[in-house]
Structure formats: C-alpha cells, structure tokens
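Student: The structure that follows is given in the form of structure tokens.
The values are calculated or read from the model by the stated rules, or taken from the named source; none is laboratory data. All values derive from a computational prediction rather than experimental measurement. As a convention, Cβ positions derive from the backbone with ideal geometry for all residues, glycine included, and neighbour counts pool all protein chains shown.
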Amino acid sequence: MKSLDAKTPNQDWHPNIWPPFTQINNSKPQIEVTHGKDALLFTKDPEKELIDAISSWWVTLHGHSNEYIADAIFDQSKKLEQVIFADFLHPQAKKLAERLSELTKLERLFFSDNGSTAVEVALKNCLPIMAK
C-alpha cells in the first residue's frame, strides 16, 4: 500500500474526507452508503445490504428513515430547529421535561448532547451535597 500524504494520496479514499477513528494508511476505504431503512444500510452496490449494528452510536436508535420521527422532525423544523438552553426555553423542552419527570419522579432534568457535559453537571450537583 502506498504511503498516504499530500503528494501521493490513496485513490481509494475521498480526497477531502478524513473519517473519525480511522488511520487511513492502515484501513480499508469507507463503504459508501446511499440510504438506510430501519436497521439496514444500502450501499452503491445493489447486491450489498448491511445491518447497521452500531446504529445507536449517535442518533439512529430507532432505525433509519423512521417515518414517524422524520415527519415529527420536519414539522418541528418549520417552527424551530434549535435554541440554546442557557437563557431560553421552548414548548417542546417543557413537554419532554414534564413527561420524563412524571415517569422518573425526578424533580428537575438536565438535557445534554454529550456524556462529558452530563458528567460535569452531575458532579457540580453532587459536590455541594458531598461537601456537607
């Protein structure tokens, strides 16, 4: 295998993409996925369907192209895509917090988009209790 550098790029890899968690010099090129449905991924090769066994890695816990979720996202995107929680509130957050609070019996909830922030907030909430 040729060395991968700016002068002699590996032609099997897209020239503008460096995928996460990958050492391009030692890895096979990415498989190009065209679309997904439920737990399946479909590639450029119509003979090659894959089971997405890591769909929960980020956001596809309920499968790809879930019609109910896609419709809800579409409807919501016509109202508001995203707003930071630091100084703002919105009806969808209130509704979700109320439903989760009822289910979990937790008085207050913290929404996070990553584990490190969730751990930071948990520690900040526990430290005053531990200091007593």
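Student: What are the pairs with Cβ atoms under 8 angstrom where one residue, in region 93-112, is free of Cβ contacts under 8 Å to residues at least 40 places away in the same chain and the other, located anywhere, is of a type in the set (Asp, Glu) and surrounded by fewer than 12 Cβ atoms within 10 Å (Cβ to Cβ)? Sequence gap at least six, or different chains.
Tutor: Taking only residues 6 or more apart or on different chains, the pairs are SER101/GLU107.
Student: For GLN30, indicate whether it is of a type in the set (S, T, N, Q), modelled with pLDDT under 90 and under 30 Å from VAL121 (Cα atoms). First the steps, then the outcome.
Tutor: Numbers: of a type in the set (S, T, N, Q): yes; modelled with pLDDT under 90: yes; under 30 Å from VAL121 (Cα atoms): no.
Considered against the rule, which asks whether it is of a type in the set (S, T, N, Q), modelled with pLDDT under 90 and under 30 Å from VAL121 (Cα atoms), GLN30 comes out as no.
Student: Now, a different point. If I ask for residues that are over 30 Å from LYS37 (Cβ atoms), under 22 Å from the mean Cα position of the chain (by Cα) and surrounded by 12 or more Cβ atoms within 10 Å (Cβ to Cβ), which ones from region 101-120 would you list?
Tutor: LEU109, PHE110, THR117, ALA118, GLU120
Student: Are there any pairs with C-beta distances below 8 angstrom linking a residue in region 22-44 that is within 21 Å of ILE69 (Cα to Cα) and touching a residue at least 12 places away in the same chain (Cβ under 8 Å) to a residue that is of a type in the set (S, T, N, Q) and assigned to a loop (DSSP other than H, G, I, E, B), with the two at least 6 apart or on different chains, and if so which?
Tutor: Correct list of pairs: HIS35/SER65; GLY36/THR60; GLY36/SER65; LYS37/SER65; ASP38/SER65; ASP38/ASN66.
Student: Please enumerate the residues belonging to region 73-87 that are within 23 Å of LEU109 (Cα to Cα) and either of a type in the set (S, T, N, Q) or more than 17 Å from the chain's Cα centre (by Cα) (or both). Full working, then the answer.
Tutor: The first filter runs over region 73-87 and keeps only residues within 23 Å of LEU109 (Cα to Cα), leaving 73, 76, 80-87.
Matches in region 73-87: GLN76, LEU80, GLN82, VAL83, ILE84, PHE85, ALA86, ASP87.
Student: Among the residues of region 26-42, count how many are within 23 Å of PRO15 (Cα to Cα), surrounded by 13 or more Cβ atoms within 10 Å (Cβ to Cβ) and touching a strand residue (DSSP E or B) at 6+ places or on another chain (Cβ under 9 Å).
Tutor: Matching residues across region 26-42 total 2.
Student: Give the residue that is nearest to VAL33 (Cα to Cα), with candidates limited to residues of region 45-100 that are modelled with pLDDT under 85 and in a helix (DSSP H, G or I).
Tutor: Looking at the filtered set, the residue picked out is SER55.
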